[in-house]
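Report on the structure given below.
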Amino acid sequence: MPRRQKPDRRGQWLPVGILVLGSPVLAGLAAPAWADADDRLVGKVSAAIMHNHLGTRPACLQYFVTRNSDPGIDRVDVSARHDRACGGDPQVDEHLFSVYVDQTTHQMASDAADPVNGTLKALPP
């Protein structure tokens, strides 16, 4: 499962995800609702990325979710995972593109074709 991050109240990024040891389930606590929602959102975005041939190796992508980056819009930043299996320098976080998801219609748009200028293009599911 890709590692994701979420900003804390000070705007700093903190890793979030399912814990293997010390899991909230093992501790008798339910996972936060936003974690389940983020997992579903990342799953849909990942499927759209593969369907539209924007990535070829799902295990080599990382997703960073920002809820309400604009009112009613969630942003998922997609970065390359650099490790032994995927290659690349693990010290470098390579941002590839962003996917914007309308919270009501679930329509997606991406700047994958032009990440420098941020020109958005519809991303079919």
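The values are calculated or read from the model by the stated rules, or taken from the named source; none is laboratory data. Treat the numbers as computed from the prediction; the structure is a model and nothing was measured. Please note: Cβ atoms are built from the backbone with ideal geometry, for glycine as well, and neighbour counts cover all protein chains shown.
Which residue is farthest from residue 47 (Cα to Cα), if the candidates are limited to the stretch 109-125 and must be in contact (Cβ under 8 Å) with a residue 24 or more places away in the chain and in a loop (DSSP other than H, G, I, E, B)? Explain how you work it out, then say what you get.
From the stretch 109-125, those in contact (Cβ under 8 Å) with a residue 24 or more places away in the chain are 110, 112, 123-125; that's our starting set.
When the remaining residues are screened for being in a loop (DSSP other than H, G, I, E, B), the result is 112, 124-125.
Values: 112: 15, 124: 10, 125: 7 Å.
That would be 112.
Per-residue answers, yes or no, for (1) closer than 18 Å to residue 35 by Cα; (2) at pLDDT below 90; (3) surrounded by 15 or more Cβ atoms within 10 Å (Cβ to Cβ):
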position	(1), (2), (3)
60	no, no, yes
64	yes, no, yes
71	no, no, no
74	yes, no, yes
80	no, no, yes
87	no, yes, no
90	no, yes, no
101	yes, no, yes
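Tell me whether the stretch 75-94 contains one or more residues that are in contact with a Ser or Thr (Cβ under 6 Å, 6 or more places away or on another chain), among the basic types (Lys, Arg) and on the phi < 0 side of the Ramachandran plot.
yes
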